[in-house]
1. Taking region 128-145 as the search range and keeping residues that are among the aliphatic types (A, V, I, L, M) and in contact (Cβ under 8 Å) with a residue 24 or more places away in the chain, which one is surrounded by the most Cβ atoms within 10 Å (Cβ to Cβ)?
2. Can you tell which of S155, S162 is within 28 Å of P56 (Cβ to Cβ), within 21 Å of the chain's Cα centre (by Cα) and among the small types (G, A, S)?
3. For region 138-151, indicate whether the set of residues that are within 22 Å of L172 (Cα to Cα), over 18 Å from the mean Cα position of the chain (by Cα) and not in a helix (DSSP H, G or I) is non-empty.
4. Could you give me the residue pairs with C-beta distances under 7 Å whose first residue belongs to region 91-102 and is part of a helix (DSSP H, G or I) and among the aromatic types (F, W, Y), whose second residue is surrounded by 10 or more Cβ atoms within 10 Å (Cβ to Cβ) and at pLDDT 80 or above wherever it lies, and which are 6+ apart or on separate chains?
5. Could you go through region 100-116 and let me know if any residue there is in contact with a Phe, Trp or Tyr (Cβ under 8 Å, 6 or more places away or on another chain), surrounded by 11 or more Cβ atoms within 10 Å (Cβ to Cβ) and either of a type outside the set (V, I, T) or assigned by TED's automatic domain parsing to the domain that holds S64 (or both).
6. Within region 122-154, track down each residue that is at pLDDT below 85 and farther than 24 Å from M25 by Cα.
7. Scanning region 155-185 for residues that are touching a Leu at 6+ places or on another chain (Cβ under 9 Å) and not in a helix (DSSP H, G or I), which turns out nearest to S134 (Cα to Cα)?
8. Scanning for something closer than 21 Å to A50 by Cα, in contact with a helix residue (DSSP H, G or I) (Cβ under 6 Å, 6 or more places away or on another chain), touching a residue at least 24 places away in the same chain (Cβ under 8 Å) and surrounded by 10 or more Cβ atoms within 10 Å (Cβ to Cβ), does region 146-165 turn up at least one residue?
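The values are calculated or read from the model by the stated rules, or taken from the named source; none is laboratory data. Just so we're clear, the structure is a prediction, and the values are computed from it rather than from any experiment. All Cβ positions, even for glycine, are placed from backbone atoms using ideal geometry, and neighbour counts span all protein chains on display.
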Amino acid sequence: MKNLLRLYLIFLKIGAVTFGGGLAMYPILHREFIEERGWITEDELTDYYAVGQCTPGVVAINVSTFIGNKRGGVPGGFISTFGFVTAPFLVIAFLAASLRAFSSYPVVKNAFAGVRVCVCVLVVNAVSRLWKNSVKDRVTFFIFAFVFALCASASLLPFSVSPAAVVAASALFGIAWQRCLRRTK
């Protein structure tokens, strides 16, 4: 029970200070669960993000659920998710009720502009950390370069690029590549 309360409070804190979605919370999760507590490894966090991107729902909530599940089983997954969504739910409920009345104020506009800039920096930080942990050789760099080029040019292509299809194709390519390597040994 003490472990579940601890999970709830940690994710309550993370949910209260995470702006910008799943990638923006990567540095916070890294500090909390890898550097300070040693509860998960860098590879596990990267895997949680990869699976969180491929499954339905919000990445931040999916990752919270995975970490909570690892630490406290199914109850830990539920508690971590609940902890993560508590503060944003309250903030969104308050904002929904009052945003229309305050959205034209310059201080509110400036606050949102500052948050947007901060979120961009947090996302770049997360991408940098994920890059270091994911791009390990020429093959993974090739996958990265191909997917980056595909996504960067998506608006110019005559067809839509499904993120789920890109992730699935990358996974299948990685599996096929590993099988080819095993056969050559």
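1. Step one: list which residues in region 128-145 are among the aliphatic types (A, V, I, L, M), which gives 130, 135, 139, 143, 145.
Applying the additional criterion that residues be in contact (Cβ under 8 Å) with a residue 24 or more places away in the chain yields 130, 139, 143.
Working: L130: 17, V139: 15, I143: 19.
Once the filter is applied, the top-ranked residue is I143.
2. Working: S155 fails: within 21 Å of the chain's Cα centre (by Cα).
None of the other options fit; the residue is S162.
3. The answer is no, given that none of the residues of region 138-151 is within 22 Å of L172 (Cα to Cα), over 18 Å from the mean Cα position of the chain (by Cα) and not in a helix (DSSP H, G or I).
4. Between residues of region 91-102 that are part of a helix (DSSP H, G or I) and among the aromatic types (F, W, Y) and residues that are surrounded by 10 or more Cβ atoms within 10 Å (Cβ to Cβ) and at pLDDT 80 or above, the close pairs are F102/V108.
5. There is at least one residue in region 100-116 that is in contact with a Phe, Trp or Tyr (Cβ under 8 Å, 6 or more places away or on another chain), surrounded by 11 or more Cβ atoms within 10 Å (Cβ to Cβ) and either of a type outside the set (V, I, T) or assigned by TED's automatic domain parsing to the domain that holds S64 (or both).
6. Answer for region 122-154, where residues must be at pLDDT below 85 and farther than 24 Å from M25 by Cα: just A154.
7. Per the criteria, the residue is V161.
8. No: zero hits.
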